[in-house]
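Single-structure report; data block below.
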């Protein structure tokens, strides 16, 4: 199969290699980088301004096309602060200022907040106030309280990923600048350090390269090597395409990113997490390697698993992916206990509509489809309920997802139905693949939750490719 010629994907996901930019540009990091000035007070990256002005929404906000209040708030605050401090684009700034109160009013309606929101949003509001911009008084009081608690007890060190939101930036963090010039795999964090310590040429070169590659826009994270490789490889394995030479190379990259404590989303971020650890083990299982589940001990509790050891709230998809690993591990009392804990967590996490919601992805189709895979022939009560809810959520046009459906969300639904195929699914899959092919040419919405919503390109495209391949096989 010649992947690059398939009209169903925007780009061949298997051409991804470590170091390649795997994430589409986002307003948040672009705005943070756009504030940087050199020793003569000239803008270091003036191209970011053009990108921001080209990507303001008609309602005055910045952020992903899909509505997510946390994303719109931090993206808009960062962008208007960037433009205001440049003394540029007053109309754009005024439109943004006018909409901030209504965005704040929508915060409670989000299922999940963006990464580091309790650190980032209060800091941005304070910086807007310091710059003379009017901000609602008393906003985000709960987030401010959590900010204080988080900074006092950040034992896991994950706050450095949101370095741009911290009040003080220790110079010794410069030791974490990678050979590629990134800092904690975050362009915004790199910009914050460079602002404080301008004589750091590696960061300046790295950000300049990213801005050039994105035509003024910066990605939400870079590099995304271990995460992008693991998820892409897993999708290909699921579709029976794991023996392709390019997939085999991806598997080697996943193995090289593995450490004794598990895996991180990037080789340039030093804190392992349970989600990337689980996906890495699932990919390695295809080589006949039996996982040592002891690596999950720091993450699993009777109330379910945490993605990071000191995580504020649990991730549904992390529990699902650990469950997939536990199913392939040798039987033991510990394994069985952990399975029971995670199944209990997933039962309790079901929403009123029967679907699941996740902190790493804005669409319920992502965790629901993966949970169907994890519970099939293990907990048929839960699996049946999730499958029924997924089928009910299909639109009349055959697609799944927000605003009439997206290729990515439709792909997740098809992956679950094809992997657990029953003859009664045939017409559902048939209408789904027709919708997938109609949606193929449309822009992909940013649905993954980071510090803002973002789109990991090879992960999304490999899911679409795998779903397309599996659906055609089911219908043949």
inquiry  = Taking only the Cα atoms of segment 363-440, how large is their convex hull per residue, in Å³?
reply    = 74
ask   = In nm, to one decimal, how far is the modelled label at residue 249 from the one at residue 292, with both set 7 Å along Cα→Cβ?
value = 3.0
ask   = What FRET efficiency, computed as 1/(1 + (r/R0)^6) with R0 = 45 Å and r the Cβ-Cβ distance, is obtained for residue 176 and residue 396, rounded to the nearest 0.05?
value = 0.30
ask   = Helix 187-196 versus the longest principal axis of the chain: what angle, 0 to 90°, nearest 10, using Cα atoms?
value = 30
Length released on extending from residue 145 to residue 381, taking residue separation times 0.36 nm less the Cα-Cα span = 80.9 nm
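Using a Förster distance of 41 Å, how high is the FRET efficiency between residue 15 and residue 301, based on the Cβ-Cβ distance and rounded to 0.05?
Working: r = 40 Å, r/R0 = 0.97.
Rounded to the nearest 0.05, the efficiency is 0.55.
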inquiry  = Taking the 0 to 90 degree range and rounding to the nearest ten, how far is the long axis of helix 333-349 tilted relative to the main principal axis of the chain, both from C-alpha atoms?
reply    = 70
ask   = What is the extension gain from residue 328 to residue 340, computed as 0.36 nm multiplied by their sequence separation minus the C-alpha to C-alpha distance, in nm to one decimal?
value = 2.8 nm
inquiry  = So I have (i) 21.9, 69; (ii) 25.7, 74; (iii) 23.4, 70, and one of them is Rg and Dmax of the Cα atoms in Å calculated from this model. Which one is it?
reply    = (i)
request  = Quickly work out the residue 388-to-residue 108 label distance, labels modelled 7 Å from Cα along the C-beta direction, and quote it in nm with one decimal.
outcome  = 3.3
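Residue separation times 0.36 nm, minus the C-alpha to C-alpha distance between residue 153 and residue 421: what's the value? Intermediate results must be reported in sequence, preceding the final value.
On the way: separation 268, 0.36 × 268 = 96.48 nm, distance 4.68 nm.
The span from residue 153 to residue 421 would gain 91.8 nm if fully extended.
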ask   = Can you give the three extents of the C-alpha atoms in segment 225-475 along their principal axes, from longest to shortest, in whole Å?
value = 46, 38, 35
inquiry  = What is the angle, in °, between the Cα long axis of helix 245-256 and the longest principal axis of the Cα atoms in the chain? Nearest 10 is fine, range 0 to 90.
reply    = 60
task = Find the Rg to Rh ratio for segment 26-215, where Rh is the Kirkwood radius over alpha-carbon pairs and Rg uses the same atoms.
result = 0.94
ask   = Once you put a point 7 Å from the Cα of residue 38 and another 7 Å from the Cα of residue 212, both along the Cβ direction, what distance in nm separates them?
value = 1.4
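Since every read-out is calculated from the coordinates, none of them should be taken as a lab result. Here the structure is a predicted model, which is why all the values come from computation and not from measurement. Every residue, glycine as well, gets a Cβ built from its backbone with ideal geometry; the counts of neighbours run over all protein chains shown.
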